Amino acid sequence: MIAARITATGAYVPERKVTNDDLARVMDTSDEWIRSRTGIGSRHVAVGESTSHMAVKAAADVLSRSGCRAEDIQFIIVATGTPDHLFPNMACLVQEGIGASHAFCFDLNAACSGFLYSLSVAKGYIESGMYERGMVIGAETISKVVDWKERSTCVLFGDGAGAVIIEKGGRGIGSMVMGADGKGGEVLRCSSSSILCHDEESRRKIDYLHMDGQEVFRFAARQVPAVIEAVLEKEGLEPDQIGHYILHQANERIIASVARKMKEPMEKFPVNLDRYGNTSSASIPILLHELHQTGALKNGEKLILAGFGAGLTWGAAMVEWNI
Ligand code: ACO
C-alpha cells in the first residue's frame, strides 16, 4: 500500500506580541487569572495581516525547508474558520503567493480540528494513488472574530499559521479517526461573518465568537482520550509506545486532564500555548514545526496528533516521524 508522510514543516506568526499584562492594561483581567486557568502567557495578534498573508508566509517557509519546488505541489488545503473573505478561497491565494501553479486548491473548515481533518484528506489523496505531493496549512486570524470587550473569550486566542508538506513514500501517517457531533454546535459558535461587514453599523451587529467554556472543557476531556484510544487500538499500540502527544493547544488544563486519563507523563504532551494562545487550526502544525526545529522529535518515533473544536469536531492520527 502507498503510504503518506510529512516531509517538511513551517510556520508563521504575526509580529505583534500581546502579553497578559498588555491585556490587563486595557481590560479587567490579570496575568494570574489567565495563566492559572489556561496556561497562556502571551499571544500574537495580526495587525494589518490577513489569514491569507499568514498562510502564504507559512507556505513559503515550509517550501524553503523542503526538497520540493513550488510547481511540484499538486494540491493545497488550507484549514481555516477565519478566511479573509468567502471566495476566492485562501488556498488559491497561497497558490498564487508561492507560485504553485500546478496545484488544485481548497479550504476546509472544521474549526480547531481543521488541520487533522485536512491531513486525513491529504492522506487519502496520496494513499489512493491520485496524487503524490501536497501542502496542508492551518491558518487563523481569530482576533477578528472575538469581541475584545469580552474578557472571558478574547484572552484565550492568538493568530498564526502552520504548514506541512505531505508526500508519497516511507512510513508516516498511520491510522486516523475523525468524528463530529452537530448537536454540540451551540457550545462554541460564531454565527455571523465579521469578514463580510466592513462598515461600522454592520460591525456593531456582529455576533462574535461565543463559548460555553466549561462545556468545551468537559467535551475535550471526554472526547480527546476516547479518539486517541481509538487510534491506538487501530494501530495495536499501548499509550507508553507513543513518544509525544501533540494536542490542539486550547488550554493547558485540558492537556493535563488528557495526560492524566491516558496515564502518561505531562512531559510527553508538549505545550506552546503559553506563547501563542489558542491559534485554532494552526496550533498543531505550529507546534509540530517548533518541535521539529528544536530536534525534540526523533526519526522513527511514534506521535499522536489530536484536534478538537467547534462543530463539535475532533480527530486524531498516529504519525511515525520520518523526515
Ligand atoms: N479575567 C478575569 N476574570 C475573568 C476573565 C478574565 N479574562 N474571564 C472571566 N472571568 C471571570 C468571570 O467574569 C467570572 O466572574 P464571576 O464569578 O464574578 O462572575 C469568573 O471569572 C469565572 O468565569 P467563568 O467563565 O466561569 O470561568 P471558568 O472558570 O469557566 O474559566 C475558561 C474559563 C478558562 C475558559 C474555562 O472554562 C476553560 O478552561 N474552558 C475550556 C475551554 C477552552 O479552553 N476553550 C478554548 C477555546 S475552544 C477550543 O479550542 C476547542
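Every number here is computed from the coordinates shown, using simple stated rules; none is lab data. Given the structure is predicted, the values throughout are model-derived calculations rather than measurements. Neighbour counts are summed over all protein chains in view; Cβ atoms, including those assigned to glycine, are modelled from backbone coordinates with ideal geometry.
Net charge near R133: determine it from the other residues with C-beta under 10 Å of the C-beta of R133, scoring Lys and Arg +1 and Asp and Glu -1. Residues near R133 contribute -2 overall.
Counted by neighbouring Cβ atoms within 10 Å, the residues Y208, Y117 run from fewest to most as Y208, Y117. Here the stretch 1-158 carries DSSP beta bridges of which approximately 25% are antiparallel, counting only pairs with both residues inside.
Under the simplified labelling scheme, the Q293-K183 pair shows an inter-label distance of 4.3 nm, with each label point 7 Å from Cα along Cα→Cβ. What the Cα convex hull of the chain gives, in volume per residue, is 123 Å³. With all pairs of different C-alpha atoms in the average, the Kirkwood value for the hydrodynamic radius of the stretch 24-94 is 15.1 Å. Note on D72 and R222: the extension gain reaches 49.9 nm, defined as 0.36 nm multiplied by sequence separation minus the Cα-Cα distance. Mean projected area of the convex hull spanned by the Cα atoms of the stretch 20-152, taken over all viewing directions: 9.5 nm². Note on the chain: with charges restricted to the Cβ of Lys and Arg (+1) and Asp and Glu (-1), its dipole about the Cα centre is near 380 debye. When the Debye formula is applied to the Cα atoms of the stretch 91-161, each taken as the same point scatterer, what base-10 log of I(q)/I(0) results at q = 0.28 Å⁻¹? Values, matching the q order: -1.29. For E235 and R260, a Förster radius of 25 Å and the Cβ-Cβ distance give a FRET efficiency of 0.70, rounded to the nearest 0.05.
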